[in-house]
Amino acid sequence: MKTHRIALIPGDGIGGDVTAAAWSALQKAAGSAGFTLDGTEFPWSCAFYKETGAMMPHDGIETLRRFDAILLGAVGWPQQVPDAVSLHGLLLPIRKSFVQYANIRPHRLLPGVQGPLKAEAFDILCIRENTEGEYSGAGGRIHQGTANEVAVETSIFTHTGVERILRFAFEQARARRGKLASVTKSNAQKYSMGFWDEVTQQLAAEYPDIEVTSYHIDAMAARMVMAPESLDVVAASNLFGDILTDLGAAIQGGLGFAASANINPDRSAPSMFEPVHGSAPDIAHLGIANPIATIWSGAMMLDHLGETVAAAAIMAAIERTTASGIGTSPGKDRTEAITAAILAAL
Ligand code: NAD
Ligand code: IPM
Ligand code: MN
């Protein structure tokens, strides 16, 4: 029987609840489809940091490299560990070290879910650059604590980085409805974003079958609310993609529905699957986190591992569950009840 080795990193807050839910759905789907998921759990989190002084051991990346994929809950507990420490000590190094440059985030309404918009029939796939840009981590502070303090944070856009994410987005558009929206702010940020627009135009010549439109981020934010049905694939830089995908989550009914895949398209290292949301300290330990975003991310993981039948089974079970009214609005059903309904549908 085929076995996939999965590293599980529940992380902080609701991360534990939602990864446990996803893992039970994944196990059930694997059992029915006739393959094995061999999971190894790592307690790397803010609690681990408080104990050891690091978010993960010094050889954490090398440990993870031996797995076929990573399923992650959420990282961050700002009450105890500054976000700048926790995220730069675990989540961001994984994305960068494993060259997970394509962050794929689907936004559509599941059956039975009432979004905040009038529009119901939208199906957007956000492709977010995931390793450089505004989140490169290049910068510093000088004269700290004085009146002359200076803080510099440099966005880094490389030709390799911009071309590969746009090419990935063009390919996704080709496999879907043939439309690509490329998002920048080149009217104000003329160097980096002008460069992104230029590479978009160069690639457009290679993809004459794709209808490409460049939008400014501010206009795109409005379009996602006013006319989401006009969008197919949306490609954006790290920061812009981050913001647009919480907006995407909102229009699909909330962060509890927004799934994400951090993909290394070359498969030279494991890819990582996690919900768009964070550790949700405001509802942690209440047992009401919606596990659907993480279960959906688990289905994306199975797709990536080539287990397309099991992935489709999980999606169908999620959809049957929401169609029956379970898990459709925040706080209405408990995590356990939503998970049980999805397992029953599987
Ligand atoms: P958040 O996504 O954790 O929460 C935002 C809001 O959405 C909260 O009101 C929360 O209750 C709600 N929410 C989130 N997920 C939900 C779910 N599954 N079901 C129901 N409601 C849900 O964002 P935040 O509060 O800005 O961040 C909290 C911590 O998580 C911070 O440390 C932040 O840096 C971190 N964070 C981590 C990730 C990640 O690991 N990928 C992503 C975002 C934020
Ligand atoms: C996300 C999160 C992370 C990001 C944070 C926690 C660093 O917001 O995955 O969307 O911006 O990448
Ligand atoms: Mn985010």
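A short reminder: the numbers here are calculations on the coordinates, not readings from a lab. Just so it is clear, the structure is predicted and the values come from calculations on it, not from any experiment. Cβ placement follows ideal geometry from the backbone for every residue including glycine, while neighbour counts extend to all protein chains displayed.
Of the GluC sites (Glu not before Pro) found in segment 149-212, those in coil by DSSP whose Cβ has at most 15 other Cβ atoms within 10 Å are Glu149. Considering only Ala259, Gly325, Ala181, and ranking their Cα positions along the charge dipole of the chain that arises from unit charges at the beta-carbon of Lys, Arg, Asp and Glu, the one farthest toward the positive end is Gly325. A cut-off under 13 angstrom between Cβ atoms defines the neighbours of Pro10, and their net charge, with Lys, Arg +1 and Asp, Glu -1, is -4. Separation of segment 91-108 and segment 246-262, taken as the distance between their Cα centroids, equals 15 angstrom. Taking packing as the residue-averaged number of other Cβ atoms within 10 angstrom, the listed peptides 264-271, 111-118 run from highest to lowest as 264-271, 111-118.
Springs join every pair of Cα atoms under 10 Å in this Gaussian network model of the chain, and among Thr63, Thr322, Thr213 the largest mean-square fluctuation is at Thr63.
Do any of Lys50/Lys96; Lys118/Lys179; Lys28/Lys96 go past 26 Å between their Cα atoms, and which? Each step should come with its number before you reach the end.
Numbers: Lys50/Lys96 24 Å; Lys118/Lys179 22 Å; Lys28/Lys96 31 Å.
Result: Lys28/Lys96 exceed 26 Å.
Give the aspartates and glutamates reachable from Lys190 as a straight Cα distance under 14 Å; neighbours fewer than 8 places away on the same chain don't count. The qualifying aspartates and glutamates are Glu198.
Note on the chain: helix-only mean residue ellipticity at 222 nm, from DSSP H runs of 4+ residues weighted -39500 (n - 2.57) and normalised by residue number, equals -12500 deg cm²/dmol.
Report note on the peptides 9-19, 216-226: ranked by the mean count of other C-beta atoms within 10 Å, highest first, their order is 9-19, 216-226. Work from the charge dipole of the chain (Cβ charges, +1 for Lys and Arg, -1 for Asp and Glu, about the Cα centre) and give the residue of Leu231, Ile217, Cys46 farthest towards its positive end. The residue sitting farthest along the positive end of the dipole is Leu231. Considering only Leu166, Leu255, Leu87, the Gaussian network model of the chain with Cα springs below 10 Å gives its largest mean-square fluctuation to Leu87. All distinct Cα pairs of the chain go into the 1/r average, and the inverse of that average, the Kirkwood radius, is 20.7 Å.
Put a plus charge on the Cβ of each Lys and Arg, a minus charge on the Cβ of each Asp and Glu, and nothing anywhere else: the dipole of the chain about its Cα centre is then about 380 debye.
Given Cα positions, please report Rg to Rh for segment 1-81, the hydrodynamic radius being the Kirkwood one.
Values: Rg = 13.9 Å, Rh = 13.5 Å.
With Rg and the Kirkwood Rh in hand, the quotient comes to 1.03.
Computed over the Cα atoms, what is the radius of gyration of segment 187-346 divided by 2.2 N^0.38 Å, N being its residue count? Mind dumping the intermediate values first?
Values: Rg = 18.3 Å, N = 160, 2.2 N^0.38 = 15.1 Å.
The value comes to 1.21.
Beyond 20 Å, how much of the Cα-Cα pair distribution for segment 54-111 remains, as a whole percent? The share of Cα pairs beyond 20 Å in segment 54-111 comes to 36 percent. One quarter of the convex hull surface built on the alpha carbon atoms of segment 116-251 amounts to 9.6 nm², the projected area averaged over directions.
Between the listed residues Ile70, Tyr135, Ala299, the Cα displaced farthest toward the positive end of the dipole of the chain, a dipole computed from Cβ unit charges relative to the Cα centre, is found at Ala299. If you run the Gaussian network model on the chain, springs between alpha carbon atoms under 10 Å, then out of Ala284, Ala84, Ala169 the most flexible one is Ala84.
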